[in-house]
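The values are calculated or read from the model by the stated rules, or taken from the named source; none is laboratory data. All of these numbers come straight from a predicted model, not from anything done at the bench. Positions of Cβ are backbone-derived with ideal geometry, glycine not excepted, and every protein chain shown enters the neighbour counts.
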């Protein structure tokens with residue numbers, strides 16, 4: 001019994017010893033495995049330094065070093081931002097926009113035809129018909145509007161049935177045109193206008209796209225009959241704005257003021273050429289009791305006093321002169337813009353008595369070889385009364 005109890009105890013002791021030996025081996029192998037693991041990790045770290053650098057850049061401590069290295073920043077700058085629907089929101093809104101009637105817009109001319117203008121209006125195309133550009137029937141679209149021009153227009157319809165916005169330049173240009181016409185009224189500048197039609201009392205023209213009227217009495221310095229108005233169509237004349245009322249669309253022009261100013265200047269220039277002693281031909285314009293007014297041309301008129309008409313004594317100029325008669329006169333005085341004329345002095349110089357008197361007081365000098373010192377030689381050929 002005692003032997004049986006000893007056997008298990010002996011086995012137990014041996015098992016304990018074996019377990020202790022195995023535990024010692026495990027403890028000895030663990031440091032070796034740890035060393036092996038550390039060696040492998042160091043080798044991997046040496047083989048891949050590039051992988052370690054980005055980690056260093058991600059740490060806050062290494063952030064300043066990344067700023068100092070421009071090579072690290074360039075790839076970040078070139079990276080394209082992610083696109084989203086918000087980036088196309090403006091374009092989408094523009095493509096879906098609906099233009100309202102009477103809305104004023106700015107657009108760019110795409111093309112110009114004989115009867116219409118095509119324009120770019122955001123992402124939409126607009127059309128402007130010729131009748132919506134100007135009221136002037138002679139207005140040429142291709143001469144006055146070019147592709148690329150920036151213009152202002154007003155919306156007439158949002159869609160013409162073909163996807164085009166229908167626009168008008170007339171409405172947008174009206175205010176600008178009347179501002180220009182008002183400026184011309186104030187400055188009194190001359191403008192060239194072409195006469196395109198006639199009315200009972202005058203002619204029609206176009207200025208800044210606005211229909212203008214020129215009364216017959218303002219066309220010329222002289223009288224213009226109603227039957228003669230037809231002859232003015234197609235003529236281009238210089239005129240001046242004398243009335244510009246936008247509310248009533250009343251535009252009136254005149255050429256008469258310009259013609260008066262030109263005539264006055266021509267008269268002034270011509271009068272400057274008139275000098276005392278000038279002998280010229282004139283035309284009797286009017287006859288008064290005290291004398292006759294004689295036209296010397298270019299608006300210059302002189303007075304021929306009744307006492308300077310003839311050597312004979314006459315009571316009125318009408319005794320020897322008539323309107324329209326051509327007369328030869330001599331300028332005797334120019335003062336204060338007035339010119340005095342005389343026919344009498346010309347008659348006196350041409351009269352037989354004056355010629356005879358001149359002949360009596362003229363003598364010929366003898367040739368030098370015949371000149372003597374005697375009184376008879378000196379008086380030879382001289383006639384005395």
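Grab the strands (runs of 3 or more DSSP E) fully contained in region 91-168, keeping just those with 3 or more residues being at pLDDT 90 or above, in contact with a helix residue (DSSP H, G or I) (Cβ under 7 Å, 6 or more places away or on another chain) and not assigned by TED's automatic domain parsing to the domain that holds residue 196.
It comes to 150-157.
Could you tell me how many of the residues in region 268-285 are in a helix (DSSP H, G or I) and touching a strand residue (DSSP E or B) at 6+ places or on another chain (Cβ under 6 Å)?
2
A quick yes/no check of all residues on (1) within 30 Å of residue 342 (Cα to Cα); (2) outside the structural domain of residue 327 (by TED's automatic domain parsing); (3) without any contact (Cβ under 8 Å) to a residue 60 or more places away in the chain:
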residue: 205; (1), (2), (3): no, yes, yes
residue: 226; (1), (2), (3): no, yes, yes
residue: 241; (1), (2), (3): no, yes, no
residue: 293; (1), (2), (3): yes, no, yes
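Please pick out the residue among 212, 234 that is surrounded by 18 or more Cβ atoms within 10 Å (Cβ to Cβ) and in contact with a strand residue (DSSP E or B) (Cβ under 9 Å, 6 or more places away or on another chain).
Among 212, 234, only 212 is surrounded by 18 or more Cβ atoms within 10 Å (Cβ to Cβ) and in contact with a strand residue (DSSP E or B) (Cβ under 9 Å, 6 or more places away or on another chain).
Could you check residue 271 against (1) surrounded by 12 or more Cβ atoms within 10 Å (Cβ to Cβ); (2) modelled with pLDDT of 95 or more and say which number it fails?
That leaves (2) as the condition not met.
Looking at region 98-141 only, could you name the residues that are in contact (Cβ under 8 Å) with a residue 60 or more places away in the chain and more than 17 Å from residue 158 (Cβ to Cβ)?
Those that are in contact (Cβ under 8 Å) with a residue 60 or more places away in the chain and more than 17 Å from residue 158 (Cβ to Cβ): 134, 135, 136, 138, 139.
Under the condition of being in a helix (DSSP H, G or I) and surrounded by 12 or more Cβ atoms within 10 Å (Cβ to Cβ), which residue from region 180-206 is nearest to the chain's Cα centre (by Cα)?
180
The rows are residues; the columns are (1) surrounded by 15 or more Cβ atoms within 10 Å (Cβ to Cβ); (2) assigned by TED's automatic domain parsing to the domain that holds residue 327; (3) assigned to a loop (DSSP other than H, G, I, E, B).
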site	(1), (2), (3)
217	no, no, no
251	yes, no, no
265	no, no, no
287	yes, yes, no
296	yes, yes, no
302	yes, yes, no
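Residues of region 304-344 being in a strand (DSSP E or B) and more than 54 Å from the chain's Cα centre (by Cα), which ones?
Of everything in region 304-344, those that are in a strand (DSSP E or B) and more than 54 Å from the chain's Cα centre (by Cα) turn out to be 305, 342.
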